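Beneath this line is the structure, given in structure tokens, with notes to follow.
Read the figures in this text as sums done on the coordinates, not as results from a lab. Note that the structure is predicted; figures quoted are calculated from it, not measured. Methodologically, a virtual Cβ is constructed for each residue, glycine included, from the backbone with ideal geometry; neighbour enumeration extends over all protein chains shown.
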Amino acid sequence: MAAYDAVYFDLDSTLCEPTQDATDLLEATFDRAGHEQFCTPAELRAAVPELPTAETDREFYEHLFAEVADRSGVETDVAPTLAAEYLDVRDPTAVEFRPGAETVLEYARDRAHVGLITNGGRPTQTQKLRTLGIEDAFDVQVFTEPSAGIGPKPSAAPFERALTELAVTPDAAIHVGDSLHADVAGANAMGLDSAWLDLGRDEPGEHVPTYELASLEGLEMIV
């Protein structure tokens, strides 16, 4: 008997990882914008929890670059240009499975309902799913859609939608993700178990996952 009725997965950095180098991508963004680089990929990631909810990818990156510019003492009016150049350089289809992801996804599908809860808009995230060949691998897919009342994790809304669509109660579900702030905090607040994929980042926070995974293969011991 399966331990859970539903297993929900995050997408970015959990099931897949980009094949474009983050440092090269950021350097190209600043070069194209004609602006001296004032942040690193790690500093961009660290700013994400402080951002307001965005309606589009463009708005998200405008908020992101404005936040990091402000932290760096740089005028924030450069943010729209950097956001535009970043999105022009970034290729959403340049992704590959994280090691073990394809196998553990199939393992979960054999034992429970499987869902996707991802911070990102449907158009961009669907391109990644299509590249990986898993566009139809989930019983439910929940994307960030503020206009429909679905904000990004750790908001309760995407978890509520995912549970409702599969008629699963929180105590019968687990969410797997790489972010303590988004995945673990959001799942914990909703009463789901959480499995945190530790990628070795310096990620501060008081959120404690139900399980810690050194690799995705460890999920097979849980579900």
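Look at ILE117, ILE150 and count the other Cβ atoms within 10 Å of each Cβ; fewest to most, that gives ILE150, ILE117.
Scaled against 2.2 N^0.38 Å for its residue count N, the alpha carbon radius of gyration of the stretch 172-223 is 1.03. Its alpha carbons considered, the stretch 22-89 gives a radius of gyration followed by a Dmax of 10.7, 28 Å. Peptides 3-11, 50-58, 154-162, ordered by how many other C-beta atoms sit within 10 Å of their residues on average, highest first, read 3-11, 154-162, 50-58. Note on the chain: dipole from Cβ charges, positive end direction compared against ALA172, LEU197, GLN20; the farthest Cα belongs to ALA172. Distance from the Cα centroid of the stretch 1-58 to that of the stretch 104-130 is 17 Å (rounded to whole angstrom). Using every pair of distinct Cα positions in the chain, the Kirkwood expression returns a hydrodynamic radius of 18.0 angstrom.
Annotation: amide H of LEU116 within the under-5 Å range of PHE9, VAL140, GLN141, VAL142, sequence separation 5 or more or interchain, hydrogens built in the peptide plane. The stretch 1-59 gives an Rg/Rh value of 1.13, both radii derived from C-alpha positions and Rh following Kirkwood.
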